[in-house]
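Scroll down for the structure; my scribbles are underneath it.
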Number of protein chains: 2
Amino acid sequence: MRDRLTRLVALTRLVTARPGDQPGLQQLAQRLGVAKSTLSEDLAVVRQGLRDAGLGDIVTQVGAAGGIRFEPAVDQEAAREAVRRLCRELEDPERQMGNGFIYMTDLLFDPALLEPLGGLLGEQLRPLDPRHVITVETKGIPLALAVARHLGLTVVLLRRDHRLSEGSSLSINYLSGSSHRIQSMSLARRAPLRHARVVFVDDFLKAGGTARAAGDLVAEFGAEMVGVGVLVATTQPTPKLVQGLYACLEWDESRGVQPAPWVVRRLGRPENAGGSGP
Amino acid sequence: MRDRLTRLVALTRLVTARPGDQPGLQQLAQRLGVAKSTLSEDLAVVRQGLRDAGLGDIVTQVGAAGGIRFEPAVDQEAAREAVRRLCRELEDPERQMGNGFIYMTDLLFDPALLEPLGGLLGEQLRPLDPRHVITVETKGIPLALAVARHLGLTVVLLRRDHRLSEGSSLSINYLSGSSHRIQSMSLARRAPLRHARVVFVDDFLKAGGTARAAGDLVAEFGAEMVGVGVLVATTQPTPKLVQGLYACLEWDESRGVQPAPWVVRRLGRPENAGGSGP
């Protein structure tokens, strides 16, 4: 009996550690030293345990590339806590730079915040059936990776400059709404992006000029940008230059930082989640 | 009985999902709807199951900030496969740019490669007892995040330029051995780094000029760089400009790309892992 308990623990960890992985049944059975029939029974328990606790699901893929795939669910408690903490941090007067910027680089590189929020965005973006997550350097990279890990995808990085290390590349110039300057971004011709559906992920969105430029650039590769996920979007200007936008938080000049309506619907209204309402 | 099995599955996932987290026993017991004594028995099984399968350990922290912390072990099979795949990819003539560079951006943003290799580096760097992982933008970011997640730490990002969004910052100029140019990097004064032990993580290291400059810069904040982890280091020049260096792969002009000796000792020599030896 004890053997079965500890084996279930190991199987749970093996199956859930990397959502992108698709381990084969044969491979798992070998690793745990059990027959495939035993493994199937154990997997049924793992699936049930994850479902019951709202932690995700296990999808069985048949065929030559068959195996099992873990689809994590959003950890609601962790997401609620992350949203609460992020709102509180962003309202901290110490973070207001006086030039219209909020210092948030440290928060963007804290996995404890990023993982649950990446899950929250990933859940919204999954139905769009993307094949890659794209982002433009630098500050959106951790969130893009968190979304990609949740969905089991890779990230394609758009650069700000041409780089010697990337060979020939396509570039695009655009007017950034945040800085009112002409910016550029480029993508290596050899980037693995042909004719794929992609979602764009970034830390911050104002008018959406950067997101739209990213969509235009990947369109040159035959790819289609089907959605956008960001950590914070400003309420103004509106409408945005892109469709299919999910922002975890909304920043309004008069109301401050608040969870977006879809986040409130998904998680309930976090206590002390910023804003000056009653 | 079935209840206990599915509860163990949920507990395993809750405890292992985010190594940085330190959930309290009370909180876990509430979430699973069991008494603390039952939780303790279950936790003993989870610890045993993880240990037996070589997947990690659970450390109990006592005191006010008490709780349990998951310390993942390196998944040896996944790490072996990642090293094998990386060597094979980097030897691909399609990736040789002819100017001394190898195109590897796509590999650096593939979580399936980065997670196991981040674990491998994290395991080496853990005994140095770092409080943060530092990296300089851009291509080392995913590996730095993977190491940080393995160790339950945050990443502190060094920028290439001053940024309006980061307020006042300290900068340093240095001579890069790779590009033979003067480069600069800067760090926001408000970066959360005071008097901490840190490890530097990057994608590529040649002489080590960038790593040493990063160490000099964080020293201005009272922090101490106690180790360096990179994905690929060149065998020449030697010695490097930094101490405590771990590179997963070594790139030699005549021998090609091979796993570093410490990686071979840790994982065994991966088959087909590159190099032209017998």
(message) Defining the label point at 7 Å along Cα→Cβ, can you sort the distances from B:Phe101 to the same site in each other copy, shortest first, in nm?
(response) 2.6
(request) Rounded, prolate or oblate: pick one for chain B, where a ≥ b ≥ c are the square roots of the eigenvalues of its C-alpha gyration tensor, a/c under 1.5 means rounded, and failing that, prolate if a/b is larger than b/c, else oblate. (result) oblate
(message) With a cut-off of 8 Å between alpha carbons and a minimum separation of six or more residues, what is the relative contact order of chain A in percent?
(response) 15
(message) Can you list the copy-to-copy distances for B:Arg4, using a point 7 angstrom from Cα toward Cβ, in nanometres, shortest first?
(response) 1.1
(message) If the elastic network links every pair of Cα atoms under 10 Å, which of A:Thr135, A:Thr210, A:Thr60 fluctuates the most in the Gaussian network model of chain A?
(response) A:Thr60
(message) Please report the spacing between the Cα centers of region B:131-176 and region B:227-246 in Å, no decimals.
(response) 18
(request) Would you mind putting B:87-99, A:152-164 in packing order, based on average other-beta-carbon counts within 10 Å, highest first? (result) A:152-164, B:87-99
(message) Under a crude label model (7 Å from the Cα following the beta-carbon direction), how far is A:Arg269 from A:His195 in nanometres?
(response) 4.9
(message) Residue by residue through A:151-159, how many Cβ atoms from other chains fall within 10 Å of the Cβ on average?
(response) 4
(message) Give me the one-decimal nm value for the distance between modelled label points at B:Gln22 and A:Gln96, 7 Å along each residue's Cα-to-Cβ direction.
(response) 3.3
(message) Could you identify which residue out of A:Pro130, A:Pro23, A:Pro239 has the top mean-square fluctuation in a GNM of chain A using Cα springs shorter than 10 Å?
(response) A:Pro239
(request) Quote the charge dipole size of the protein assembly as shown about the Cα centre in Debye, to the nearest 20; the model charges only the Cβ of Lys and Arg (+1) and of Asp and Glu (-1). (result) 400
(request) Any chance you could run the full-extension gain for A:Gln61 through A:Asn173? It's 0.36 nm times the residue separation minus the Cα-Cα distance, nm to one decimal. (result) 36.1 nm
(message) Positive end of the dipole of region B:2-72, charges at C-beta (+1 Lys, Arg; -1 Asp, Glu), about the Cα centre: which of B:Leu32, B:Gly56, B:Gln22 has its Cα farthest in that direction?
(response) B:Leu32
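Nearest 5 is fine: what % of DSSP beta bridges in region A:76-267 come out antiparallel, could you say?
Counting DSSP beta bridges with both partners in region A:76-267, the antiparallel share is about 35 percent.
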(request) Calculate the spin-label point distance for A:Ser37 paired with A:Arg88, positioning each point 7 Å from the Cα along the beta-carbon direction, and give it in nanometres. (result) 5.4
(request) Once you have a ≥ b ≥ c as the square roots of the Cα gyration tensor eigenvalues for region B:2-72, tell me rounded if a/c is under 1.5, and otherwise prolate or oblate according to whether a/b is larger than b/c. (result) oblate
(message) Can you show me the helix-derived [θ] at 222 nm for chain A, built from DSSP H runs with n ≥ 4 at -39,500 (n - 2.57) apiece and divided by the number of residues, rounded to the nearest 500.
(response) -11500 deg cm²/dmol
(request) Decide, for the protein assembly as shown, between rounded, prolate and oblate: order the square roots of the alpha carbon gyration tensor eigenvalues as a ≥ b ≥ c, take rounded if a/c falls under 1.5, and otherwise choose prolate if a/b is larger than b/c, else oblate. (result) rounded
(request) Determine the distance separating the Cα centre of region A:8-36 from the Cα centre of region A:68-82; give it in Å without decimals. (result) 20
(message) Counting only pairs 8 or more residues apart or on different chains, how many lysine pairs in the protein assembly as shown have their Cα atoms under 25 Å apart?
(response) 7
(request) Pick out, from B:Gly229, B:Trp251, B:Ser168, the residue whose Cα sits farthest towards the positive end of the charge dipole of chain B, with +1 on the Cβ of Lys and Arg and -1 on the Cβ of Asp and Glu. (result) B:Ser168
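Rule-based calculations on the coordinates, nothing more; no lab input. Owing to the predicted nature of the structure, the values given are computational and were not obtained by experimental measurement. Heads up, the Cβs are rebuilt from the backbone with ideal geometry, glycines too, and the neighbour counts pull from every protein chain shown.
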